[in-house]
Amino acid sequence: MSEYDGFRVEHDAARAVATVTLDVPGKFNRVSMPARDQLAAVFAELDADESVRFVVLTGEGGQFTAGGDIAGFLTRSPWVVSQLAKNVAAPERCSKPVIARLEGYVFGVGMELALACDFRIAADDVQMALPEATIGMIPGSGGTQRLARLIGLGRAKDMIMRGRRANAEEALAIGLVTTVVPPDELDGAVASLVDELSRHSPLALAMAKRVLNTAYDGPLHTGLELEGLAYGLLQQTHDFREGVEAFTEKRRPEFDGT
């Protein structure tokens, strides 16, 4: 797949980073219905690509995205619309760290995509909202569930039921974003996070993401059991042995993902 509806994919082979950029000039990078399926396919491809260690999701022109193609919802059946959360969950399914690079508008499906990412690095001009209630709808691509789990039920109701925007200061205070920086420092903040994560074992990062995503809304005993199984698997890997040896030898570990 090389032609996408409203976004592009670029690879930085030297840093093992793939960047997915939403790009729809004049429409604030709106995410079309076909783009949702294409994004899901791209994230699956990047997950399987051994040359890629990190994925960055961003928008062109100083905006992330103002949301989806509103009129497009009227062209799809209720069954199709009810399944939209599956493709927007693609960043969460990806075993590699996914960083949302946010600036300007982060509305609707844009916010839902950001919520499905592992890290959200935001410029201080960001505005985040799930405004669906203002047009007689609710967030339908994971927004109600991920937002409530991330910031708490009361805060999620306040944002969703009022269709209210959160600025960068509020988003950082309530844990909606990971970091806030001036717009001209946004690329540097993303690069710094990639560099930091690059020093860790790919296996450990993938396993931590899987355990956290799988167990965070389940019973404690289930999460502890899953954590223990993952711990036992990692104990048998080259990366863990290398990490232990590097620690005792006071040197930087050289992880190879095995």
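Between GLU3 and ALA133, what is the spin-label point distance in nm, taking each point 7 Å from the Cα along the Cα→C-beta axis?
Here the modelled spin labels are 4.2 nm apart.
Taking a quarter of the surface of the convex hull around the Cα atoms of the range 155-217, what do you get in nm²?
Hull-based average projected area comes out at 6.0 nm².
Work out how much length HIS200 to ALA13 would gain on full extension: take 0.36 nm times their residue separation and subtract the Cα-Cα distance, in nm to one decimal.
Between HIS200 and ALA13, full extension yields an extra 65.5 nm.
May I ask you to sort MET128, MET137, MET161, MET33 by Cβ crowding, counting other Cβ atoms within 10 Å and putting the fewest first? Working shown, then result.
Details: MET128 26, MET137 14, MET161 11, MET33 19.
If I rank by nearby Cβ atoms, fewest first, I get MET161, MET137, MET33, MET128.
Highest mean first, how do 205-212, 75-82 rank when packing is the count of other Cβ atoms within 10 Å averaged over residues?
Packing order, densest peptide first, comes out as 205-212, 75-82.
For the range 1-147, what Kirkwood radius comes out of the mean inverse Cα-Cα distance, in Å?
Over the range 1-147, the inverse of the mean reciprocal pair distance is 15.2 Å.
Rank these for me by crowding, HIS221, HIS238, going from fewest to most other beta carbons within 10 Å. All intermediate terms of the calculation are to be shown ahead of the outcome.
On the way: HIS221 8, HIS238 13.
So the residues, fewest neighbours to most, are HIS221, HIS238.
Give me the Debye-computed log₁₀ of I(q)/I(0) at q = 0.16, 0.33 Å⁻¹ for the range 202-248, equal point scatterers on Cα only, no solvent, two decimals.
Log-scaled intensity ratios, in q order: -0.47, -1.16.
Order by neighbour count: GLU249, GLU227, fewest other Cβ atoms within 10 Å first, most last.
On the way: GLU249 9, GLU227 16.
Result, fewest neighbours first: GLU249, GLU227.
Only loop residues by DSSP count here, and only those with at most 10 other Cβ atoms within 10 Å; note down the chymotrypsin sites (Phe, Trp or Tyr not before Pro) in the range 190-240 that meet that. Let's see the in-between values first.
Working: sites: TYR216, TYR231, PHE240; in loops: TYR216.
Passing both the DSSP loop test and the Cβ count: TYR216.
Hey, what's the Cα Rg ratio for the chain versus the globular rule of thumb, 2.2 N^0.38 Å?
In units of the globular-protein estimate, the chain measures up at 1.04.
Expected output is a single nm value to one decimal: the length gained when fully extending between ASP256 and GLU45, i.e. 0.36 nm times separation in residues minus the C-alpha distance. What is it?
Contour length minus Cα-Cα distance gives 73.9 nm.
Taking the range 12-74, which GluC sites (Glu not before Pro) meet the DSSP loop condition and have no more than 12 other C-beta atoms within 10 Å?
GLU50
Roughly what would the spin-label model give for LYS157 and GLU227, points 7 Å off Cα along C-beta, in nm?
3.0
Each value in this text was obtained by applying a stated rule to the coordinates, not by laboratory testing. Everything numeric in this text was worked out from a predicted model, so none of it was measured. All Cβ positions, even for glycine, are placed from backbone atoms using ideal geometry, and neighbour counts span all protein chains on display.
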